[in-house]
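Notes follow the structure.
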Amino acid sequence: MVRKFTGFTAVVAAIALTTLAGAESSGANAQVAAQATEVAAQVAPLTQEVVPVFVEKEVVQELPEEAEPEIPVVDEAQRAQSLRELVAAMPATGELSEELQCLAGAIYFESRGEPLAGQLAVAQVIVNRAEDRRFPSSYCGVVYQRSQFSFVKGGSMPRIRTGSVAWTNAKAIARIAHRGLWDSEAGDALYFHAKYVRPSWSRKKVATATIDTHIFYR
């Protein structure tokens, strides 16, 4: 830190010098000088002003990573006799992280009309892609990858009816898939399409499961 003296200290010093000048004729130089030094020593510490030193470089404060709140669901997963039971046991409240919001949104738009197993399979494909080097390494990266999911328009997701049962289920499925709490029939699938279409790439892939209206491939 850099320190400077205020005007009050300068006044004290001036008084001391004036007193010394007047005392030369009386021969009391030493005594007056000692007194002036003592006064300045007593006043200076009280009148020092700390001047901040500004850093030229930009200072970036790291923010804590957004973490999904701890949810005691492991025991529920062990006790659940079906995926439906596990979905029902998942908390209906609580904010999703940005990544799980992307995952749940994809489940909602791609498969909200499918059975829970079909919704979990869609979620599993996104999880698998995020873990595969050929795809983006995050759920949001996978969901928003160009020309991969038809519901993404202009790089954004349509509005979600957050008060619907479909959204509640999508959030639960997203948490289950993210934590690996239930095995999906899709297995290690990286692709899927609806039964009513036949994309050319499907002939080069191995089908892993067919769930309701979707076929899954690796």
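Couple of notes before you dig in:
Residue-wise test of (1) surrounded by 19 or more Cβ atoms within 10 Å (Cβ to Cβ); (2) of a type outside the set (Ser, Thr, Tyr); (3) in contact with a His (Cβ under 6 Å, 6 or more places away or on another chain); (4) at pLDDT below 95.
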| site | (1), (2), (3), (4) |
| --- | --- |
| ILE71 | no, yes, no, yes |
| LEU83 | yes, yes, no, no |
| LEU86 | yes, yes, no, no |
| MET90 | yes, yes, no, yes |
| GLU95 | no, yes, no, yes |
| ILE107 | yes, yes, no, no |
| VAL142 | yes, yes, no, no |
| ALA174 | yes, yes, no, no |
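- The range 176-218 - residue that is of a type in the set (A, V, I, L, M) and in a loop (DSSP other than H, G, I, E, B) and, of those, surrounded by the fewest Cβ atoms within 10 Å (Cβ to Cβ): VAL197
- Checking every residue in the range 119-127 against the condition of being in a helix (DSSP H, G or I) and farther than 12 Å from ALA177 by Cβ gives zero matches.
Listed here are the residues, each with its yes/no results for (1) of a type in the set (A, V, I, L, M); (2) at negative phi; (3) in contact with an Asp or Glu (Cβ under 9 Å, 6 or more places away or on another chain); (4) not assigned by TED's automatic domain parsing to the domain that holds ARG79.
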position	(1), (2), (3), (4)
VAL122	yes, yes, yes, no
GLN148	no, yes, no, no
LYS153	no, yes, no, no
GLY180	no, no, no, no
SER184	no, yes, no, no
GLY187	no, no, no, no
LEU190	yes, yes, yes, no
VAL206	yes, yes, no, no
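- Among the residues of the range 159-218, just one is in contact with a helix residue (DSSP H, G or I) (Cβ under 7 Å, 6 or more places away or on another chain), hydroxyl-bearing (Ser, Thr, Tyr) and under 18 Å from SER82 (Cβ atoms), namely SER184.
- Pairing residues of the range 108-136 that are more than 18 Å from SER82 (Cβ to Cβ) with residues that are charged (D, E, K, R) and at pLDDT 95 or above, at Cβ distances under 7 Å and at least 6 apart in sequence or on separate chains, gives VAL122/GLU110; ASN128/ASP188; PHE135/ARG129.
- Checked across the range 147-167, the condition of being part of a helix (DSSP H, G or I), surrounded by 19 or more Cβ atoms within 10 Å (Cβ to Cβ) and touching a residue at least 40 places away in the same chain (Cβ under 8 Å) holds for no residue.
The values are calculated or read from the model by the stated rules, or taken from the named source; none is laboratory data. The structure displayed is predicted, hence computed values, not measured ones. Note that we place each Cβ from the backbone using ideal geometry, even for glycine, and neighbour counts take in every protein chain shown.
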